[in-house]
Amino acid sequence: MEIIEIDVRNDAARREFFAVEQEVIHHDLPDGWERTYESFEKSVLQPDNPYRRATRLAAVVDGAWVGTAEVGLPLKDNTHLAEVELVVRPHARRTGVGRALFARVEEICAEHGRTTSCVEMHVPRGVAFESSPGARFGRTLGFESVHQEDHLVLDLPADVSHLEAASAGAGSAYEIVLWGERCPDEHVAQFCAMRTQMANDVPTGEMDIEAVVFDEERLRTGESRLAQGWIPIVAAARRRDDGVMGGYSMLMLPRGGDLVLQDDTLVMPEHRGHRLGTALKLATLEVVRREHPERRAIHTWTEPDNHAMQRTNADFGFTPRARLHELQRQS
């Protein structure tokens, strides 16, 4: 077995890396979230990201790729952290492939002074975490589950007529502002403040992670890079009497695909109690219905104890498909 570092500028290597990822998703999570090749390709072929460096690996046996890994290293914050993705093709499991890949991951972490490694693992609904192959493998490497979220899916088109009247009250005090790839200049300061609030509010369990602070440079860099492979839809609630933003919701649509990723939904603390979360989600859903009718489902993730967002998602018709575990190892 050989562990190689992948040059993503090589078309054949790039396609094989994506093929391994997709095979594992389809085998392990039939209802799982998957990015498109177009979104993946445009993401990895961009110039260096000033906020994150990624190293991609492949395990090769007799010329065939049997597993891959990606090590993401934050560069401006959380510089103790390594974000790891590791997958092994089903037929090659329990043969040492995962251990060989992770041994190289450990070397990369040591080379860059990373003392905490984290990896996401999905467990299908109805399967106990302790009995899942990923959990058993993670334990042998010293990982433990430190945070959980429900993976929820809403099939499209969705009937949300029962919610439209319930959220109408927000319209008297707030207006919904929509944009796509780029936040209007006049909203940047407030949007950065909301993104920073979201980073602080989002539940992370016992993860060894620090909240990111958004400024205009980080926002604009992220927008530019995201737009290459994704179609963003952002709705923000602005109070009519003073122009203060009270919350936002964001969807991301991988280019060339038929799924939707529900990213953040936030209502600022002083604006809660007006059903803004529902109004914001309705606004983004309407854009999908009107401009992207080919999309067949929205995927989102919510902490089990986030009762307010769990209720909102249930009202829309989201149903649980899996449980996401954030696994962490500290050295």
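The values are calculated or read from the model by the stated rules, or taken from the named source; none is laboratory data. Since the structure is predicted, the reported quantities are computational estimates derived from the model, not experimental observations. Cβ atoms come from the backbone with ideal geometry, glycine included; neighbour counts cover every protein chain shown.
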Filtering the stretch 33-70 for residues that are small (Gly, Ala, Ser), surrounded by 18 or more Cβ atoms within 10 Å (Cβ to Cβ) and not in a strand (DSSP E or B) leaves a count of 2
How many residues does the stretch 118-136 contain that are under 22 Å from Ala103 (Cβ atoms) and in contact with a helix residue (DSSP H, G or I) (Cβ under 6 Å, 6 or more places away or on another chain)? 2
Those residues of the stretch 92-147 which are among the aliphatic types (A, V, I, L, M) and either within 25 Å of Ile4 (Cα to Cα) or in the same structural domain as Ala64 (by TED's automatic domain parsing) (or both) amount to Ala92, Val97, Ala100, Leu101, Ala103, Val105, Ile108, Ala110, Val119, Met121, Leu141
Out of Gly243, Gly247, sole residue that is assigned to a loop (DSSP other than H, G, I, E, B) and within 15 Å of Met268 (Cα to Cα): Gly243
Looking only at the stretch 209-237, count every residue that is crowded, with 16+ Cβ neighbours inside 10 Å and more than 17 Å from the chain's Cα centre (by Cα) and tell me the total. 5
From the list Val177, Val188, which residue is more than 19 Å from the chain's Cα centre (by Cα), at pLDDT 95 or above and assigned to a helix (DSSP H, G or I)? Val188
Name the pairs whose Cβ atoms lie under 9 Å apart, with the first residue in the stretch 243-272 and assigned by TED's automatic domain parsing to the domain that holds Arg289 and within 19 Å of Pro232 (Cα to Cα), the second assigned to a strand (DSSP E or B) and among the acidic types (Asp, Glu), and 6 or more positions between them or separate chains? Tyr248/Asp264; Ser249/Asp263; Ser249/Asp264; Met250/Asp263; Met250/Asp264; Leu251/Asp263; Met252/Asp263
Is it true that Arg255 is more than 17 Å from the chain's Cα centre (by Cα) and of a type in the set (D, E, K, R)? no
Go through the residues of the stretch 45-56 one by one and say whether even a single one is in contact with a Phe, Trp or Tyr (Cβ under 9 Å, 6 or more places away or on another chain), of a type in the set (S, T, N, Q) and outside the structural domain of Ile231 (by TED's automatic domain parsing). no
